[in-house]
Amino acid sequence: MVSSKVNLSDGAWDEETFTSKVVAFMKSPVGRFLDRHPFLVLTVLMFVTMSAIPVGFFLLIVVLTSLGALMGAILLEGLVISVCGLSLLCILCGLGFVSLALSGITMMSYVVVSCLMSYWFSPSRPPTQQHANIDSQLAMKFTESEKLGL
């Protein structure tokens with residue numbers, strides 16, 4: 001007795017099962033159509049066989065183009081982020097330089113103004129000749145304006 005199971009491990013087919021499946025297929029409507037139109041079947045079989053390579057190349061190109069577009073988008077995004085990052089770095093370095101310069105100017109102004117204020121309004125400073133002349137001129141103008149009744 002012959003087994004009706006198909007053994008795929010050694011690649012051998014049981015002839016009786018194979019023959020019964022072929023006979024069942026050939027009795028189906030598709031099998032009868034193929035039996036009546038052999039030239040059409042051969043043409044379709046040749047077309048499918050020959051079109052497999054161009055269709056495969058087309059699908060390969062589609063996949064590679066999609067991957068390329070994906071990589072291009074990633075590279076473009078990376079480029080945009082890099083350019084924006086460098087721009088931000090330049091702006092922050094410029095702002096750092098400007099803030100350093102402004103704080104230096106502010107500190108120098110504070111030191112100069114505080115030194116001038118302590119020099120001008122110091123109580124222990126002896127009046128100089130020029131300041132004495134200015135003070136006496138102001139006092140004379142004040143007394144003259146009092147005399148005139150202003």
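Here is a yes/no grid of residues against (1) at pLDDT below 60; (2) open to solvent by 100 Å² or more (accessible area, probe 1.4 Å); (3) in contact with a Cys (Cβ under 6 Å, 6 or more places away or on another chain):
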| residue | (1), (2), (3) |
| --- | --- |
| Ser99 | no, no, no |
| Ser118 | no, no, no |
| Ser124 | no, yes, no |
| Ala132 | yes, no, no |
| Leu150 | yes, yes, no |
Inset, instruction - Check whether at least one residue in the stretch 76-84 is assigned to a helix (DSSP H, G or I) and at pLDDT below 85, and report yes or no. - result: yes
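The values are calculated or read from the model by the stated rules, or taken from the named source; none is laboratory data. Keep in mind that this is a model prediction, so the values were computed, not measured. Note that we place each Cβ from the backbone using ideal geometry, even for glycine, and neighbour counts take in every protein chain shown. All accessible areas refer to the heavy atoms of the entire protein, side chains included, with ligands and DNA or RNA removed. Shrake-Rupley method; radii C 1.70, N 1.55, O 1.52, S 1.80 Å.
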